[in-house]
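Heads up, the thing below is written out as structure tokens.
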Amino acid sequence: MGRRKNNKSSDNNESSTKVSDSNPDRQQHNTITRFADAEEDDATASSILDDSVAAPVDGTAIEDEAMCDADVSMIDGEDDKTSADYYFDSYSHFGIHEEMLKDVVRTKSYQNVIYQNKFLFKDKVVLDVGAGTGILSLFCAKAGAAHVYAVECSQMANMAKQIVEANGFSNVITVLKGKIEEIELPVTKVDIIISEWMGYFLLFENMLNTVLYARDKWLVDDGIVLPDKASLYLTAIEDAEYKDDKIEFWNNVYGFDMSCIKKQAMMEPLVDTVDQNQIVTNCQLLKTMDISKMGPGDASFTAPFKLVAQRNDYIHALVAYFDVTFTKCHKLMGFSTVYNTGPKSRATHWKQTVLYLEDVLTICEGEAISGSLTVAPNKKNPRDVDIMLKYSLQGRHSAISRIQYYKMR
């Protein structure tokens with residue numbers, strides 16, 4: 001998964017223009033771009049290529065490359081670590097938490113939901129899934145929760161304990177270090193589950209399944225999950241300048257032909273802030289998930305789309321973004337009603353996810369790109385996301401039908 005270089009921090013979220021950004025990825029080890037061997041084919045990229053969603057494609061699956069060589073992995077006895085372990089390790093870094101806390105849209109949305117709906121939390125038992133620094137637990141405790149269990153798997157749990165103690169909430173908040181799937185709570189049931197589980201492209205890192213596991217194991221029958229709705233959207237943009245810099249760059253690298261890398265570069269979605277003036281089509285809802293009712297398998301889906309051009313222009317990429325909603329609140333709040341993560345909204349650390357097209361589409365006002373987007377967790381590492389895009393345009397200047405595959409790693 002790529003990111004634009006030197007993009008400014010979204011902590012103040014003042015601009016939606018395509019400026020560069022030096023913040024680390026939330027999952028820091030993925031800032032290293034990994035290229036598969038040249039002979040490996042994109043037709044084998046995805047775990048989503050079953051007969052139910054796509055015609056058979058020749059080739060064998062591209063395997064995830066290891067985080068480090070075998071001899072390096074022996075250092076400090078870490079030879080048995082998996083990519084999931086590195087996922088939790090990445091959240092031990094203070095920089096990731098600083099970026100998220102400084103994301104005012106993210107953090108203030110949760111604060112407002114909790115403080116303006118204190119009746120939901122008064123004398124309730126709350127479970128905070130993926131607590132990080134414990135900020136959501138602190139909000140809940142201050143809102144009158146009877147007790148909050150803050151579960152965090154990374155080393156940040158140790159800091160969270162100190163933060164809770166420093167702020168005088170040790171009698172209300174219990175920090176538990178470990179994976180939700182492995183720990184035992186001191187109580188049999190909780191009234192509320194709260195979590196900031198969303199990743200890039202909504203589903204990257206796949207923490208949603210952890211929330212669903214906690215819901216099924218500990219939430220009372222009439223309990224509340226916050227947030228309880230999440231929606232994914234799609235639009236199309238003109239992006240000639242940056243596509244030329246990111247993709248066409250490989251045609252001539254200091255006088256050498258490295259175009260074999262273009263195919264792999266195209267498969268890597270780009271996380272960045274998109275200028276709303278680049279949007280060429282309407283924005284379409286792809287999928288809405290009800291976190292209080294859905295099953296783990298519902299995060300895998302195929303959704304049709306039809307994006308209609310609102311002006312004559314060129315299309316270089318499709319862009320995905322999401323919003324979340326807290327519908328159980330007395331006053332409806334959420335990224336969908338006040339904020340969302342789209343190009344027309346105040347910027348967040350999630351930015352948007354850019355899927356570059358192999359073709360440059362020449363589109364006229366009123367013409368439509370039709371197709372479907374298939375999303376599924378990677379089979380080897382469910383925290384990664386595999387995407388299959390089918391699209392076609394039958395216009396006056398462009399007639400194209402294609403399937404592309406993307407891997408968020």
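Observations on the model:
- Lone unmet requirement of (1) surrounded by 13 or more Cβ atoms within 10 Å (Cβ to Cβ); (2) within 21 Å of residue 351 (Cβ to Cβ); (3) in the same structural domain as residue 305 (by the TED database); (4) out of contact with any strand residue (DSSP E or B) (no Cβ under 6 Å at 6 or more places or on another chain) for residue 208: (3)
- Taking the listed residues 349, 330, the one that is over 27 Å from residue 97 (Cα atoms) and either at pLDDT below 95 or among the polar types (S, T, N, Q) (or both) is 330, with no other qualifying.
- Test for residue 150: is it free of Cβ contacts under 8 Å to residues at least 60 places away in the same chain and not in a helix (DSSP H, G or I): yes
- Number of the condition not met by residue 176 [criteria: (1) more than 25 Å from residue 385 (Cβ to Cβ); (2) modelled with pLDDT of 95 or more; (3) assigned by the TED database to the domain that holds residue 380]: (3)
- Close contacts from segment 174-187, counting a first residue that is in a loop (DSSP other than H, G, I, E, B) and a second that is among the small types (Gly, Ala, Ser), with Cβ to Cβ under 7 Å and a gap of 6+ residues or different chains, come to 180/214.
- Restricting segment 333-344 to residues that are among the polar types (S, T, N, Q), under 17 Å from the mean Cα position of the chain (by Cα) and open to solvent by 20 Å² or more (accessible area, probe 1.4 Å), the residue that is modelled with the highest pLDDT: 340
- If you go through segment 233-274 and keep only what is polar (S, T, N, Q) and in a loop (DSSP other than H, G, I, E, B), you end up with 252, 273.
- Residue that is nearest to residue 296 (Cα to Cα) [pool: residues in segment 362-407 that are of a type in the set (Val, Ile, Thr) and open to solvent by 30 Å² or more (accessible area, probe 1.4 Å)]: 403
- From the options 359, 313, 298, 290, residue that is within 23 Å of the chain's Cα centre (by Cα) and open to solvent by less than 40 Å² (accessible area, probe 1.4 Å): 290
The values are calculated or read from the model by the stated rules, or taken from the named source; none is laboratory data. What you see is a predicted model, and the numbers here were worked out from it, not measured in a lab. Note: ideal-geometry Cβ built from the backbone for every residue, glycine included; neighbour counts use all protein chains shown. Surface accessibility is based on the protein's heavy atoms, side chains included, excluding ligands, DNA and RNA. Shrake-Rupley method; radii C 1.70, N 1.55, O 1.52, S 1.80 Å.
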